[in-house]
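Below is one structure, written out as structure tokens; comments come after it.
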Amino acid sequence: MKAAAIDGRSVAARVRERVRAAVAERVRAGLPRPGLATVLVGDDPASAIYVRRKQEACAEVGIAAFDHRLPADAGEERVAATLDALNADARVHGVLLQLPLPDGLDAAALIDRIDPAKDVDGLTTVSQGRLVTGRPGLRPCTPRGVIELLDAYGVDLTGAEAVVVGRSELVGRPLAQLLLERNATVTVCHSRTRELARVTARADVLCVAAGVPRLIGADYVKPGAVVIDVGIHRLPEGLVGDVDFDAVAARARLVTPVPGGVGPMTVAMLLDNTLRAAEAATAKAAP
Ligand code: NAD
């Protein structure tokens, strides 16, 4: 069997188009244009590129972008004051604190400073609690992107054996929750899991967010499985994921390539979360 590659670029383009149309419709109806504020602390070049891409993506779909930059030595109080001001600004529906933060800043405390109604990264304690308890709220972008890809390819999650490799707050844990919400039978693996290949080979849907280049080879995959690779690594030979694409493609039914799989979904879901936050603000409901 030769797996089909999941085309994340085209699914992401459809999400962005859906958001663009909904934003245009809101504005036509006289409702406030959705707004996203990014907060970048310090001068990490990779973070600056990510922020610029998010700003450009907003512009393409008609979301107003507010760009806030602070020096690496700004100090916790100044960052907190910036977040407080954005929480209070009615033009801003989403507040994104770009991570990682420079040393010396308490990331967890600053993330929790963000109003959960504007928490478009879904990382505040309140948003995570809402996810775990199944209450409405903003969900983290990359895990939402994975679910969107599975839906776009008609993968039935109800009752499916889903295995998630990785338990980070950003990806693995929230993804496991979203799969559970969709009635999959979910197993979460991590660095202390014994006989990883034996566990992953059970999966109908295998999602990998371990941060280890080409960790998952053919032996880890059940024939006919759907494999989602969240990992991204810049190696001398180019970008690779946590999955050995060629080996796994010979066994799986569907597999995401790197690049062009999960990657494009993250920013698309950020735009969608910003739209949701704006819609919830209009309806005065939880996002
Ligand atoms: P992380 O380092 O915070 O977490 C990695 C997790 O994998 C941990 O829970 C760890 O226990 C587990 N793990 C590590 N080695 C393992 C092994 N050998 N076997 C089993 N489990 C193992 O990483 P993260 O933030 O979750 O990111 C994971 C990967 O996804 C990274 O490559 C990152 O660059 C990528 N990423 C991509 C996107 C995107 O938009 N595509 C977004 C976020 C992260």
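Computed from the coordinates by the stated procedures, all read-outs in this text should not be read as laboratory data. On a predicted model such as this, the values are computed, not experimentally measured, just so you know. Here Cβ is always computed from backbone atoms with ideal geometry, including for glycine, and neighbour counts include all displayed protein chains.
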Simple Cβ-charge dipole of segment 176-216, Lys/Arg +1 and Asp/Glu -1, about Cα centre, in debye nearest 20: 160
Any chance you could tell me what percent of the C-alpha pair distances in the chain go past 33 Å? 23
Around Arg251, which amide H atoms from residues at least 5 apart in sequence, or from another chain, sit under 5 Å from its own amide H, with H modelled in the peptide plane? Ala3
Computed, not fitted: 222 nm per-residue ellipticity of the chain from DSSP H runs ≥ 4 (each -39500 (n - 2.57)), nearest 500, equal to -12500 deg cm²/dmol
Find me the longest stretch of the chain that has none of the exposed trypsin sites (Lys or Arg not before Pro), where exposed means in a DSSP loop (not H, G, I, E or B) with at most 14 other Cβ atoms within 10 Å. 92-191
Whole-number percent relative contact order across the chain, with pairs defined as alpha carbons under 8 Å at least 6 apart: 23
For a quick check: sort Ile114, Ile49 by the number of other beta carbons within 10 angstrom, fewest at the front. Ile49, Ile114
Cross-chain or 8 or more residues apart, Cα under 27 Å: how many lysine pairs in the chain fit that? Count them up, please. 4
Answer in debye to the nearest 20: the dipole magnitude of segment 120-268 about its Cα centre, from +1 Lys/Arg and -1 Asp/Glu charges placed on Cβ, is 400
Which listed residue (Val27, Ser47, Ala107) has the Cα farthest towards the positive end of the charge dipole for segment 1-116, taking +1 on Lys and Arg C-beta and -1 on Asp and Glu C-beta about the Cα centre? Val27
Find which of Cys207, Leu239, Asn183 sits farthest along the positive direction of the dipole of segment 161-287, computed with +1 on the beta-carbon of Lys and Arg, -1 on that of Asp and Glu, about the Cα centre. Asn183
What is the projected area of the convex hull of the Cα atoms of segment 187-284, averaged over all directions, in nm²? 8.0
Loop-resident GluC sites (Glu not before Pro) in segment 55-161 with no more than 12 other Cβ atoms inside 10 Å, DSSP not H/G/I/E/B, are none
Note, ³J(HN,Hα) from phi for segment 174-187, Karplus 6.51, -1.76, 1.60, rounded to Hz, x at Gly and Pro: x, 5, 4, 5, 5, 5, 5, 4, 8, 6, 7, 8, 10, 10
Sort Ile232, Ile147 so that the residue with the fewest other Cβ atoms within 10 Å of its own Cβ comes first and the one with the most comes last. Ile232, Ile147
